[in-house]
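The structure appears below as structure tokens.
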Amino acid sequence: MVDETARPVVLWFRRDLRLEDNPALNAAVATGRPILPLYILDDSGDGRPLGAASLWWLDKSLRALDASLRQRGGRLILRRGDGEAELHRLVAETGANLVVTNQRFEPEAITRDADIAHALRGEGVEWQDHNGTLLARPGEILTEAGRPYKVFTPFLKTLLQTATEGAGTPAPQVVFTPDHPANDDINGWGLHPSAPDWSGGFEGAPGEAGAASALAIFLERGLSDYTAGRDFPGRQSTSRLSPHLRWGEISPWRAVREARHAALRGRISTAQADKFVAEIGWRDFSAHLLAHFPFMATRAFRPEFDAMPWRVDPADFAAWTRGRTGYPLVDAGMRQLWATGWMHNRVRMVAASFLVKHLLIDWRQGEAWFWDTLTDADLASNVQNWQWIAGSGADAAPYFRIFNPTLQGEKFDPAGSYVRRWVPELAAIPDRWIHAPWSAPAAVLAKAGVRLGPDYPRPVVEHGAARTRALAALKTLAAGTQDDAQCPPQTNKQP
């Protein structure tokens, strides 16, 4: 007779790389049985393969998680291959009869989890899934008619009124993992780039401790000025939590709780905390939308936008990716992204708008570039935010809203500190012309040592002409572009 209490539990880590406030881990520990903490790098059957910047972050986050587990008597079992096959293999090797995980909510993952759970139960293995990544599971926040919300404000109101706050549990003191089975060597996975190593300037501290530190710094220095300050890329007023949330190194409920507690203690105003909580809510909104409308990962949420006459222009797209459009704020953002794996939220909007509106290049091309270059690349947030900018998404910006990158720079980087950091060839240009160097007198350019063309490009397109072209293209679409034109505009969507 097999002693059921001695059979191990598989704890399948996925987008929840933390020990604190982790409902799947808590459930596994509560069994009192040995635990097999598992991470599977699935290169093929996990939907879209991870981008290069995400793999860089994942490498460090997995190492940090393994170190934390080892401090508690456990270790992280690493496997690479088909997720379902590797999970079945570990169950067969160990005799485990329970798999516990925090659910993923991407469309392919939802379907795949259901198939895996069905197969395991057919083999006598129990499957438990929990919500460790969102404030509420998709399907829990619905209209009175039982339908998914398509507008953010009522979604957020219902979410905050009805979602059950996580318990905020501490990391367990002990996580016992048997010496067997063996696991892969993460060094052999090649997640960190080599030949060349382009990650030397990447920013952030992957792992649970890094997430806690980022939150503490934000609460101390950034949250008090969050509502206004978050739009200025030269300030440290954003949370920088997006990659930590993407990898589940911190729970969204912890971020919400601590922001609210800071307000209750009088450290910040309630309005500042509420604004930050709303941005966490937007992250949920994106995930819920993608779960309910999986087609939006590849097609326009508003179908009339599928007829958009996009341009195919490799040269313009390359100029955008390399930060060589001739518009300093756009170029600064794209260079920051390439150098650090992250871009300021306001600048993400301006850069994305420039691609889809000024250059009339398909939002899917930009979304794919962000997917590969962002350490916080999240399918739901990436797709939702790009479609919002393009005007094709749920609760999207009005189709006629076209950011002027020069005015955006003058408003949100008035002294040019952000541009000077990331576009150093313009560093000596006076503030008056820093966001429109093509308009500077020849003597000013000469004194600053700037030659337009050889040193810094002239604009790839003139703003007025680009705006006229974009509006003409948008007006060729069905009347639906105007039906929802007055949706309340949202601003930065990444917390």
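Points to keep in mind about this one:
- Computed over the chain, the per-residue total of -39500 (n - 2.57) for DSSP H runs of n ≥ 4 gives a 222 nm mean residue ellipticity of -12500 deg cm²/dmol, rounded to 500.
- For the range 428-441, putting each phi into the Karplus relation 6.51 cos²θ - 1.76 cosθ + 1.60 with θ = phi - 60° gives couplings of 8, 6, x, 3, 4, 10, 4, 9, 8, x, 5, 8, 6, x Hz, in residue order, rounded to whole numbers and with x for Gly and Pro.
- Counting only Cβ charges, +1 for Lys and Arg and -1 for Asp and Glu, the dipole size of the chain around its Cα centre is about 1720 debye.
- Relative contact order %, the range 4-132, counting alpha carbon pairs below 8 Å whose residues are six or more apart: 35
- Of the trypsin sites (Lys or Arg not before Pro) found in the range 376-441, those in coil by DSSP whose Cβ has at most 16 other Cβ atoms within 10 Å are R401.
- Computed over the alpha carbons of the range 303-483, Rg followed by Dmax gives 16.3, 52 Å.
- Across the range 104-207, the mean sequence separation of Cα contacts (distance under 8 Å, 6 or more residues apart), normalised by length, yields a relative contact order of 15 percent.
- Scattering curve values for the range 4-132, log₁₀ I(q)/I(0), Debye with Cα scatterers, q = 0.17 Å⁻¹: -0.90
- Residue-count net charge about M334 - beta-carbon cut-off 12 Å; Lys, Arg +1, Asp, Glu -1: +3
- Percentage relative contact order, the chain, counting C-alpha pairs under 8 Å, at least six apart: 17
- Beta bridges per DSSP, both residues in the chain: antiparallel share near 5 percent.
- Of the trypsin sites (Lys or Arg not before Pro) found in the range 331-360, none is in coil by DSSP with at most 14 other Cβ atoms within 10 Å of its Cβ.
- Restricting attention to the chain, the count of lysine pairs at 8 or more positions apart or across chains with alpha carbons under 22 Å apart stands at 10.
- Near A262, once Lys and Arg are set to +1 and Asp and Glu to -1 for all other residues with Cβ below 14 Å from its Cβ, the sum equals +3.
- In plain terms, the C-alpha convex hull of the chain casts an average shadow of 24.8 nm² when viewed from every direction.
- Stretch in the chain that is longest and holds no GluC sites (Glu not before Pro) that DSSP places in a loop and that have at most 16 other beta carbons within 10 Å: 204-461
- Between the residues A209, P252, T476, the greatest Cα displacement towards the positive end of the dipole of the chain, with unit charges on the Cβ of Lys, Arg, Asp and Glu, is found for T476.
Values in this text are rule-based calculations from the coordinates and carry no lab data. This is a predicted model, so every value here is computed, not measured. So basically every Cβ, Gly included, is an ideal-geometry build from the backbone, and we count neighbours across all protein chains shown.
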